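These notes concern the structure reproduced below.
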Amino acid sequence: MYIYSVEEGKYIEDPRHPLTVSKCKKKDVKPYLSVVIPTFLRKKELFRAIRTVVGQRKVRPIEIVVVDDSPGIFTIAELSTLVEDGIIIKYIPNKKRVGAPISRNIGIYNSTAKYIAFLDDDDEWDPEKSIEQLTMFETINEMSLCICYSVDHRFSQIRVSKPPAVVTHKMVIKSFNLSSTSSYMTTRSYLDLVRTDDGHYFDPSLKSGQEYDLAIRLSLHDPIMTIPKPLMIQYAPKGGQISLNWKNKISGIISLYSKYHNEYTILEYIKTVGLIGMFSLGYVLGDRIYKILTPLKEVYERV
C-alpha cells in the first residue's frame, strides 16, 4: 500500500495492505475500472456516491478506492454493506489530514486498473457514465481525458455544464469549462506522463483549480473529449465547498497564472484580472457572484 508521508513530503510504500472487501468470483481478478473517491466528514454523501458507482451498468469488475481524510467516522464493515457482485472496495485512512489533491494521488497509487476515474464524495454518477466513457476510450486512440456534461446544483441555481466536444490545450488554457473532477476518466499511462518530480498527479501546492491544472497538463499530450450527455450530478455539499472559499479561489488563480502565464494571450490576462476582481466581490455577494460570472464566462468563451 502507498501512503503519503507528511514528514518526508513524499509517497512511500507502507507494509500494511488497504482494508478491502470484495465480491468478485475470482480472487485475484484485475479490475476493469478504478474509481478514486477522497472523503472528509461526509459519511451519508460518501455512501450515496459509492452506490452510484456500484450501480454502473455493463462495467465489471470495478475497484473503488476510498481515501479517508477523516478516519474514524465509519468502518470497513459499513462499507462492506455496499458491495455487490464484481465490486471491490479499498479503504485507506490517512494518518494525518493531507487534503483532497494528495488524497486523490494516494488513490491513484493504490488503484490497479488501466482506466481511472474520479468522484467527489458529494457528487453522483448516472448509471451509464462509465460505459459511455470506456466505449469512447476504446474507440478513440488519441485522447488524454474523457469528460461529460454535468448537472450543477451549486451556487443557488441549477444548470447543465456543456464543455465542447473536443477540447484542445489552447482551449483549456483559455477557459476552464470541463465540468468537475467527478466527470474525469483517464488512463494510468496518461497520468504517469504528467506525474511531477515530487510524485504528484494533482498539484497540492494549488489552493484551488487542481483539476484544471491536471487537465492543462494532460491536454499537452492529446485532446480532451466530451460525452455530450449529462452523466454526473454535482451538489452543493454540507460544510462548505472550495468554490465558495474566496481566498483559496484567488490564490489558485494567481498560482495558475504563475505556472502558465507564458502561454497566455491578452484575453487570458484580462480573464485572470477579471476573475480576481469577481471573486474579491464574493466576500460581499457570496454565491450570488456566480449569477453574474456564469453568463460573462459564456460570452468570453465565444470570443
So which strands (runs of 3 or more DSSP E) are wholly in the stretch 1-58 and hold at least 3 residues that are at pLDDT 95 or above, crowded, with 16+ Cβ neighbours inside 10 Å and under 18 Å from the mean Cα position of the chain (by Cα)?
33-39
Quick check on my filter: what residues within the stretch 141-166 are under 11 Å from Ile224 (Cα atoms) and surrounded by fewer than 13 Cβ atoms within 10 Å (Cβ to Cβ)?
Glu142, Ala165, Val166
Residues of the stretch 72-99 being within 14 Å of Phe40 (Cα to Cα) and among the aliphatic types (A, V, I, L, M), which ones?
Ile73, Ile92, Val98
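Going by what's in this entry, would Glu84 be described as touching a residue at least 60 places away in the same chain (Cβ under 8 Å), over 25 Å from Ser205 (Cβ atoms) and part of a loop (DSSP other than H, G, I, E, B)?
Details: touching a residue at least 60 places away in the same chain (Cβ under 8 Å): yes; over 25 Å from Ser205 (Cβ atoms): yes; part of a loop (DSSP other than H, G, I, E, B): yes.
When the stated conditions are applied, Glu84 passes them.
Taking the residues in the stretch 190-213 that are outside any loop (DSSP other than H, G, I, E, B) and touching a residue at least 24 places away in the same chain (Cβ under 8 Å) as candidates, determine which candidate is farthest from Asp120 (Cα to Cα).
The extreme case among them is Leu193.
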Quick check on my filter: what residues within the stretch 74-95 are surrounded by 14 or more Cβ atoms within 10 Å (Cβ to Cβ) and either of a type in the set (Val, Ile, Thr) or under 19 Å from Ala117 (Cβ atoms) (or both)?
Ile76, Leu79, Leu82, Val83, Gly86, Ile87, Ile88, Ile89, Lys90, Tyr91, Ile92
Evaluate the stretch 245-257: report whether one residue or more is surrounded by fewer than 17 Cβ atoms within 10 Å (Cβ to Cβ), over 25 Å from the mean Cα position of the chain (by Cα) and not in a helix (DSSP H, G or I).
no
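For the stretch 59-81, which residues satisfy the criterion of being assigned to a loop (DSSP other than H, G, I, E, B) and among the hydroxyl-bearing types (Ser, Thr, Tyr)?
Just the residues of the stretch 59-81 that are assigned to a loop (DSSP other than H, G, I, E, B), to begin with: 59-61, 69-75, 81.
The answer is Ser70, Thr75, Thr81.
With among the polar types (S, T, N, Q) and over 25 Å from Ile158 (Cα atoms) as the only criterion, which of Ser219, Ser280 stands out?
On the way: Ser280 fails: over 25 Å from Ile158 (Cα atoms).
After applying the criteria, what remains is Ser219.
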Condition broken by Val284, with the remaining ones in (1) within 22 Å of the chain's Cα centre (by Cα); (2) at pLDDT below 90 satisfied:
(1)
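For the stretch 174-189, which positions are assigned to a loop (DSSP other than H, G, I, E, B) and either closer than 17 Å to Asp120 by Cα or of a type in the set (D, E, K, R) (or both)?
Filtering the stretch 174-189 for residues assigned to a loop (DSSP other than H, G, I, E, B) gives 175-180, 184.
Of everything in the stretch 174-189, those that are assigned to a loop (DSSP other than H, G, I, E, B) and either closer than 17 Å to Asp120 by Cα or of a type in the set (D, E, K, R) (or both) turn out to be Leu178, Ser179, Ser180, Tyr184.
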How many residues are aliphatic (A, V, I, L, M), more than 15 Å from Thr39 (Cβ to Cβ) and surrounded by fewer than 21 Cβ atoms within 10 Å (Cβ to Cβ) if we restrict to the stretch 96-118?
1
Check off (1) modelled with pLDDT of 95 or more; (2) in contact with a Lys or Arg (Cβ under 9 Å, 6 or more places away or on another chain) for Ile242 and give me the number that stays unchecked.
(1)
Only unsatisfied item for Phe176, checking (1) modelled with pLDDT of 90 or more; (2) surrounded by 15 or more Cβ atoms within 10 Å (Cβ to Cβ), is (1)
For the stretch 158-197, enumerate the residues that are among the acidic types (Asp, Glu) and over 21 Å from Glu142 (Cα atoms).
Asp197
Please go through the stretch 120-173 and give me each residue that is in contact (Cβ under 8 Å) with a residue 40 or more places away in the chain, among the acidic types (Asp, Glu) and not in a strand (DSSP E or B), ordered by number.
Asp120, Asp121, Asp122, Asp126, Glu128, Glu132, Glu142
For the stretch 277-299, enumerate the residues that are over 18 Å from Ala215 (Cβ atoms) and buried (at least 17 other Cβ atoms within 10 Å of the Cβ).
Met278, Phe279, Gly282, Ile289, Tyr290, Leu293
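The values are calculated or read from the model by the stated rules, or taken from the named source; none is laboratory data. All figures in this text were calculated on a predicted structure; none of them were measured in a lab. Every residue, glycine as well, gets a Cβ built from its backbone with ideal geometry; the counts of neighbours run over all protein chains shown.
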